[in-house]
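Let me begin by handing over the structure; questions about it come next.
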Amino acid sequence: MVMRIHNPEPNPGLGMANFRKISLNGFGDGYNAYAYSMVWFKNHLYVGTGRANLALLRHAMPSVKMETWPVDCPYPVFSPEFEQTCARGEIWRYEPISEVWERVYQSPIVRGRDGSEFARDLGYRSMVVFQGKSDLEPVIYVATWSRSKGWGPLILRSEDGKHFEPVSRPGLSGYPITAIRLLVPYKGKLYTAPTGASGGKVNDAGVAIIYETDDPAKGEWRAINEPGFGDPSNVTIYELAGFGDYLYSGSGTLEGFQVWRTRAEGKPPYHWTRLIRGGAGRGSINQGVISMLPFKGALYIGGGIQNGGYDNRYKVGPAASEILRIHPDGSWEIVVGNARDGKQPLSGLNAGFNNYFCGYLWRMGIHQGWLYAGTLDWSVILSFNRPEIKKTRGSRILSAVGVNNLVDSRGGAEIWRTFDGENWLPVTRTGFDNRYNFGIRNIVSTPHGVFIGTANPFGPRVGQWHEGEWSYVDNPQGGLEIWQGT
């Protein structure tokens with residue numbers, strides 16, 4: 001008799017009907033624009049926010065032209081009103097049993113190099129639970145987004161989830177950086193890399209360098225690679241991930257992203273091997289590795305172009321983003337993307353899950369055996385370029401369906417899920433039915449389900465075209481949202 005072994009059927013996973021919104025938009029404050037970071041710690045969900053992102057973009061990049069600016073900016077950046085009301089990054093926590101939110105931290109106001117006073121932290125772009133040598137138990141570490149007039153980003157530490165104290169020197173090193181996007185544990189150490197620099201370069205540090213420490217509470221970090229891996233075209237590190245025996249790095253370059261890996265053993269700087277260059281054969285429109293996550297024996301990487309899918313500074317894009325996966329032997333495949341060099345997308349889906357407006361594969365998460373991938377969809381920006389639509393590569397789409405119909409029916413970020421990495425199902429294609437949820441910023445699995453945090457900078461007041469003119473109106477759908485899936 002032949003015995004057959006049957007693989008268990010996957011659990012059904014989560015669809016749109018399994019999710020509910022558990023927070024007021026922006027926790028009741030539309031200036032809370034991005035759910036930048038999220039962790040589960042001591043039976044609470046923690047969320048670090050980014051504040052007033054579109055107001056800051058207008059200040060940092062005045063060359064970005066639109067028919068009207070998407071949000072009302074009543075106060076100039078660095079004015080006392082802006083700093084107190086709009087700019088102070090926040091950390092919130094949620095207790096699922098009582099369903100209560102509590103703000104546990106708000107950026108202090110500090111004095112800068114020029115003597116002016118402003119919010120020290122615009123937001124908290126990364127948050128992780130980690131136990132270093134000096135930690136008696138796992139604690140929260142948080143990376144901050146600093147100001148152009150400030151002293152550089154910091155690493156904060158909290159033992160109880162209520163009190164957060166700096167445990168690093170500003171900027172970690174001598175580089176003039178303003179933001180740290182990632183904190184990644186691997187082999188008993190914590191890894192990070194600078195992401196932003198002064199001059200409005202939120203996602204361009206100007207140097208690709210990685211730091212490690214086994215004792216972040218002491219604030220001592222050391223570089224573990226030659227700047228840029230010896231290639232000056234590598235201008236930043238967006239993502240790091242531990243997978244098997246290696247630490248992987250995904251960089252951003254104008255020639256297309258690169259992926260490197262190291263065993264992270266011995267004395268730094270470590271030996272690194274490059275696996276992918278030139279955006280995996282797609283060039284500059286695979287500008288950066290935006291997300292990385294190991295899943296069922298492979299490392300999945302999501303790409304994108306900075307600033308939401310169109311790099312205005314360097315004139316790259318727009319183009320839809322891809323998902324690739326790397327195997328332990330270093331070989332790679334296209335999962336979602338455009339066929340090239342004899343490689344076909346394993347999913348049968350072209351770049352952006354067949355959505356031209358997918359600027360990032362921004363965040364991935366695993367929950368109950370399913371991989372969830374969230375995008376950034378910039379189609380809502382078209383709403384602020386009326387009444388005349390500029391000619392773009394997407395003009396054929398706009399001519400066929402019209403801006404109103406497109407944004408009404410398809411505006412908002414997408415979430416897709418897969419059990420095997422190749423067959424994908426949509427969870428939402430409309431930002432949880434909110435066009436202003438243009439990005440999925442975090443996906444965190446917990447004992448109480450999966451929590452998803454959005455990027456939604458279209459508050460508190462948003463531009464509206466009505467009866468032949470623009471005006472600003474209150475936007476109850478503006479500000480980040482948190483959704484719980486069970």
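Search segment 264-281 for residues that are of a type in the set (Lys, Arg) and pair each with any residue that is part of a helix (DSSP H, G or I) and crowded, with 16+ Cβ neighbours inside 10 Å when their beta-carbon atoms are under 9 Å apart and the residues are at least 6 apart or on different chains.
Matching pairs, first to second residue: ARG274/PHE229.
Residues that are of a type in the set (Asp, Glu), crowded, with 18+ Cβ neighbours inside 10 Å and at pLDDT below 95: which strands (runs of 3 or more DSSP E) entirely in segment 372-486 hold 1 or more of them?
The strands (runs of 3 or more DSSP E) meeting that bar number zero.
Let me ask something additional. Please list, ordered by residue number, the strands (runs of 3 or more DSSP E) wholly in segment 93-152 having 1 or more residues that are free of Cβ contacts under 8 Å to residues at least 12 places away in the same chain.
100-106, 109-111
Go through segment 296-340 residue by residue and tally those that are modelled with pLDDT of 95 or more, surrounded by 15 or more Cβ atoms within 10 Å (Cβ to Cβ) and in a strand (DSSP E or B).
Residues that pass the stated criteria total 16.
May I pose another question? Restricting attention to segment 167-191, which residues are without any contact (Cβ under 8 Å) to a residue 40 or more places away in the chain and within 23 Å of the chain's Cα centre (by Cα)?
PRO170, GLY171, TYR175, PRO176, ILE177, THR178
Applying the selection to segment 235-278, what residues are over 19 Å from MET364 (Cβ atoms) and in contact with a Phe, Trp or Tyr (Cβ under 8 Å, 6 or more places away or on another chain)?
Within segment 235-278, LEU254, GLN258, TRP260, THR262, ARG263, ALA264, TRP272, THR273, ARG274 qualify.
Still on this structure, I have one more. Being over 27 Å from GLY453 (Cα atoms), among the small types (Gly, Ala, Ser) and modelled with pLDDT under 90, is that true of even one residue in segment 218-228?
For segment 218-228, residues over 27 Å from GLY453 (Cα atoms), among the small types (Gly, Ala, Ser) and modelled with pLDDT under 90: absent.
Kindly indicate which of ASP231, ASP214 is surrounded by fewer than 20 Cβ atoms within 10 Å (Cβ to Cβ) and either in contact with a Gly (Cβ under 9 Å, 6 or more places away or on another chain) or at pLDDT 95 or above (or both).
So the residue among ASP231, ASP214 that is surrounded by fewer than 20 Cβ atoms within 10 Å (Cβ to Cβ) and either in contact with a Gly (Cβ under 9 Å, 6 or more places away or on another chain) or at pLDDT 95 or above (or both) is ASP214.
(1) among the small types (Gly, Ala, Ser); (2) in a helix (DSSP H, G or I); (3) at positive phi: which one isn't true of GLY348, the others all being true?
Of (1) among the small types (Gly, Ala, Ser); (2) in a helix (DSSP H, G or I); (3) at positive phi, only one is false for GLY348: (2).
Can you pull out the residues in segment 113-131 that are surrounded by 15 or more Cβ atoms within 10 Å (Cβ to Cβ) and either in contact with a strand residue (DSSP E or B) (Cβ under 6 Å, 6 or more places away or on another chain) or aliphatic (A, V, I, L, M) (or both)?
ALA119, ARG120, ASP121, LEU122, GLY123, TYR124, ARG125, SER126, MET127, VAL128, VAL129, PHE130
Could you list, in sequence order, all residues of segment 27-60 that are closer than 15 Å to LEU122 by Cβ and either surrounded by fewer than 18 Cβ atoms within 10 Å (Cβ to Cβ) or among the hydrophobic types (A, V, I, L, M, F, W, C) (or both)?
ALA33, ALA35, ALA52, LEU54, ALA55, LEU56, LEU57, ARG58, HIS59, ALA60
The values are calculated or read from the model by the stated rules, or taken from the named source; none is laboratory data. Quantities reported herein were computed from a predicted structural model and do not represent experimental measurements. All Cβ positions, even for glycine, are placed from backbone atoms using ideal geometry, and neighbour counts span all protein chains on display.
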